[in-house]
Structure formats: structure tokens, C-alpha cells
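One structure below.
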Number of protein chains: 2
Amino acid sequence: MNKNIPNITKPCVILVDPTQDGNIGSAARAMANFSLVDLRLVRPKETWNTYFCRQMASGANHILKGVKVFESIEESIADLQRVYATSARRRNMIKPMLSAGQAGKEIASLGAKDIKVGFLFGTEKSGLTNEEITLSDAVVYIPLSSSHASLNLAQAVLLLAYEWYQFTLKFPQQGRFLRKGKATFASKEDFEGYISHLEKELDLANFWRVQEKKPEMLAGLRNIFQRCDPTKQEVRTLRGVISALVYHRWRDVIDPGTRKIRDK
Amino acid sequence: MNKNIPNITKPCVILVDPTQDGNIGSAARAMANFSLVDLRLVRPKETWNTYFCRQMASGANHILKGVKVFESIEESIADLQRVYATSARRRNMIKPMLSAGQAGKEIASLGAKDIKVGFLFGTEKSGLTNEEITLSDAVVYIPLSSSHASLNLAQAVLLLAYEWYQFTLKFPQQGRFLRKGKATFASKEDFEGYISHLEKELDLANFWRVQEKKPEMLAGLRNIFQRCDPTKQEVRTLRGVISALVYHRWRDVIDPGTRKIRDK
């Protein structure tokens, strides 16, 4: 049992008529990434468990070893209490339709009640038929760009496993950016200009003392200023600060305009 | 411009030291799935644009053609205003850290303000170094199962592109399951038993009239009962209804016990 997530019943993944052994391996890897274990195949090729399949599984061999093979979808889902069909296109059907996120949330909460759930994925080329979808309780729809709406099978498994996993975790919500109103954020070029300016001046100031320490110290400084999240104007101000410290501090000795030592 | 999503500035994807041409192709495909176009490579192999790369891109050749190659991360992000570093593990750094979902939401909203954003992905084997991460404004963390915490590069691109895309859409929120209290939901076996029972009786009743219409009519019925979302007990009740209609309706003529026509 994975220590990351509570002891809930996990959904299984059912691939219907998978034609490419590499996809089966990749799907297993994606499942392992999100702690799923139960992979079922309906009418795979006899030779699905190839070297390429295991290579794509990239260490998720425990999942391949546990694969159950079925002759029909009906047999593959017989022990389940909920089946979610997946589709990359909208279907003209009177069925509850959910986003992947909604499905993930729902299935995580069903799992907490020990309800056995399966995700049904259709064959690579065409997905599930409408008739196959009628075997399910709901359709999970993954919205895709209309100009490139073909999602690889293992990618679809990954997205649903990912969404489910998010709802099994209590991911700490972190604080976010400071508000800046309508000010323009500095570009990276602006920001790097500032960091280089600072670094150059600190070099001249022998700020790092031990040269080996410089990368770490500079990274530390950089992180500090990144957290400032400066606007364009603020970067100008920060650079002004450097100049002020370097030159204006000594205005009696150095001319801030010419940056030369004043004639006595 | 994709008709699915509003006219917002889209994030770019930056792959640092990518070593596998197949991953570059797969990343391009994942980007295309979610309407992203701007792919940048930092120090790729000279021969990255191979046949295998284009094969994995699966039609996303417009992205490969537009790839920009850079010698350093700094150059690759010079025109950007926000950079999000990605990491499959937590970093011991004082940096804002976000989940992929939080990042997707934030970046979609920055895009609506025409702020240019990039996702930074490290090399396949080890991800971004801490020094590379300091170039970013925030770290996006993808929580993974601790026992299988290696995510393929293109899969990571997919997940972040997917999350961003979700926040650019107004996906219709659909109604969900009826509440059932503590009742046990029927298994698929129970449910199929009911559907077969119904189908058999409807066959005998010549319900379908035209045999060619049967599959569609049966699918329609199935969808109706699926939406009922029955408990185990409710399935028993439904089967009782069939029996009642078939036999008890005719109790004067047929013996409901033996299901035989009564002797006069």
C-alpha cells in the first residue's frame, strides 16, 4: 500500500481491443505513476506481452504480471459496481457526462466507500463504440483541441489516473503571487539584466569572498529577487539602488554622472 | 486560432537538454492536443528532428517546424515574463510551489492579461538542477506514487498542457448520481442479469418488431436503466416487475409458481 494515499479502493483500467503492445506497456507505466494496479485487457492480441511492451512499462512489471484477459467487456466488468467510459469526443447519448476532473473526484469518493470502479478505454483508432458505451454508467469526456483531437491511449489512461490521484491526496495549497494591479511584469531579460548588474558589482566588491561559494550565494540571491516578482518599473528601481549604493554613496569622491573620481 | 478557446496568450514549452528524439515528438503531440504551439529546445542533440520524432508527433508537424533552438536557458526565456519550472519531486528551496492544477489556473489567467509564460522541463534522466530552477518564478510539482515516481517527459508536458487547457474552457458541469444512503450498489453482473432477463422476455414478446431495430432499442433501454443507478435490492425488485408483468398478470391462466398454463 502506497504511503502517500489513504486506504481506499482503487479503480481498475480496462483496455478494449488494444492493438499496440507499446500502448499496453505505457498504460501500465502511467498507472504505476499514480499507484493503480489492476489492468484488464479485452481481446488483446495473443502476443501483447512483448519485449517492447515491457520496455514501455519502464519498471511497472508488477502490473503487467497481474493483467487479466477477457473475451468480452461484460466479463471484464462483472465484479465492478461502476463503470466510466472514456471518450475524446462528445456522444449523442442520454448519459451522465463528466470531465476527467469530476470523474476523478467522484471515483476517489466512491473508493472511500469501498465501491469498485473501472475506467473503460476503447481501441486506439476509434475509441469505444456507442454500443460499448451503453455498458457504462457515465462517460468521461476529455476536452481536446478540435484541430488535433486524437489522444494516445496511454495518455488518456495517464490523465484519468492523474485526476483520480489528485483527489486522493491532500496537496498543500501554497501561497501565490502578489497582486500588481495593472503594472507590467518585468521580462526575463529585464530581470537578468538586473541580476548581471548586481553580480558584476558584487564581483568588483569581492562580495563572495571564497570563489567556490559564489554559485550557491548567487542562486540564493536570485531566489530572493524572484520572490519579489518585480514589475518593469521595480527592476529599474532595483538597478537604481545598486547604482546608488555603488556611486551615490561616494558622491563627494565620485561623480555619479561620469562615474569618475572627482578632481580635487 | 482554435475556436474552442478564447483569444489568450498561450504558454510555451521549453525542454532543457532533451536526449530522446521520440520524447520531443511526443511532447509536440501532447501540446497539439491542447492547442499549444510554441516549443523551444535548449541544447538538443543535433539530430533531434528524426523520422521517429516526427512519427511520435503524429501530425503535430507544424509544432516541430516552428521549434526554436537555444544554447542556454537564459536565452530561451528572455522574452517571457513568467517561468514555471516543473519537478516530479519536492525541492528544498524557498520558492512558490504549485500543483499542476494551480499552475494551469494561474497561467490561463495570466494569458488573459497577455502575459507571456513558459513551462521549463529538465532532462529526461534527472530533471532540472536546483540551479536551473532558480531561473524560474515558481515550481510546479506533480505528485506521483512514491513507489513509481518517474514520469516520462512527454507525459509531464501532457499533464501541464492538459491542466492549462481545462482553465481556458467552460466545461459544462453535469448532474451527478442520485444519493443512495448506505445501500449497496448493484454489481455489473446483477445489472446484466436484469438486462438479459428483460431482453429474453422482450424477445418472447416480439417487442422489437423489426429485428434490425433491436440493437438500438436495447441500447436505449439499457441507457434508461443505467440512469436509474439501481441498488442490489432495486435490481431484484426490477426483475420482480418483469416476472409480475409476464406471469402474474395472467395468474388466472398461468401458475406463477410452475410458470405453466393451468389445467382448466
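The values are calculated or read from the model by the stated rules, or taken from the named source; none is laboratory data. Keep in mind it's a predicted model, so treat the numbers as computed, not measured. Heads up, the Cβs are rebuilt from the backbone with ideal geometry, glycines too, and the neighbour counts pull from every protein chain shown. Accessible surface is based on the protein model in full, side chains and every heavy atom, while ligands, DNA and RNA are left aside. Shrake-Rupley method; radii C 1.70, N 1.55, O 1.52, S 1.80 Å.
Worth a mention:
- Flag for A:VAL139 being touching a residue at least 60 places away in the same chain (Cβ under 8 Å), aliphatic (A, V, I, L, M), in contact with a Pro (Cβ under 9 Å, 6 or more places away or on another chain) and at negative phi: no
- A:ASN4 falls short on exactly one of the conditions (1) under 23 Å from the mean Cα position of the chain (by Cα); (2) at pLDDT 95 or above; (3) of a type outside the set (Asp, Glu), and that condition is (2).
- Residues that are of a type in the set (D, E, K, R) and at the interface with chain B (Cβ under 10 Å from one of its Cβ atoms) within the range A:115-130 comprise just one, A:LYS116.
- Checklist (1) farther than 29 Å from A:ARG90 by Cβ; (2) more than 10 Å from chain A (Cβ to nearest Cβ) applied to B:ASN7, failing item: (1)
- Scanning the range A:62-72 for residues that are within 11 Å of chain B (Cβ to nearest Cβ) and surrounded by 20 or more Cβ atoms within 10 Å (Cβ to Cβ) turns up at least one hit.
- Residues of the range B:198-226 classified as in contact with a Leu (Cβ under 9 Å, 6 or more places away or on another chain), assigned to a helix (DSSP H, G or I) and closer than 23 Å to A:ASN130 by Cβ, total: 10
Conditions (1) more than 18 Å from B:ASN152 (Cβ to Cβ); (2) of a type in the set (A, V, I, L, M), marked per residue:
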position	(1), (2)
B:ALA30	no, yes
B:LEU64	yes, yes
B:SER72	yes, no
B:SER76	yes, no
B:VAL83	yes, yes
B:THR86	no, no
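- Filter result (open to solvent by less than 70 Å² (accessible area, probe 1.4 Å) and within 23 Å of A:GLN166 (Cβ to Cβ)) within the range B:102-118: B:GLN102, B:ALA103, B:GLY104, B:GLU106, B:ILE107, B:ALA108, B:SER109, B:LEU110, B:GLY111, B:VAL117
- Answer residue from the range B:77-101, given it is within 9 Å of chain A (Cβ to nearest Cβ) and of a type outside the set (A, V, I, L, M, F, W, C) and is surrounded by the fewest Cβ atoms within 10 Å (Cβ to Cβ) among those: B:ASP79
- Some residue of the range A:24-32 being open to solvent by 10 Å² or more (accessible area, probe 1.4 Å) and closer than 21 Å to A:THR134 by Cβ: no
- Those strands (runs of 3 or more DSSP E) of the range B:44-145 in which at least 3 residues are modelled with pLDDT of 95 or more, considering only elements entirely within it, cover B:68-70, B:117-121.
- Any hit, the range B:65-74, residues being assigned by TED's automatic domain parsing to the domain that holds B:THR129, touching a Gly at 6+ places or on another chain (Cβ under 9 Å) and touching a residue at least 12 places away in the same chain (Cβ under 8 Å): no
- Taking the criterion of being more than 7 Å from chain A (Cβ to nearest Cβ) and touching a helix residue (DSSP H, G or I) at 6+ places or on another chain (Cβ under 8 Å), the residues of the range B:187-200 that qualify are B:ASP190, B:PHE191, B:GLY193, B:TYR194, B:ILE195, B:HIS197, B:LEU198, B:GLU199.
- The condition of being open to solvent by 20 Å² or more (accessible area, probe 1.4 Å), facing another protein chain (nearest Cβ under 10 Å) and modelled with pLDDT under 90 holds for only one of A:THR184, A:THR237, that being A:THR184.
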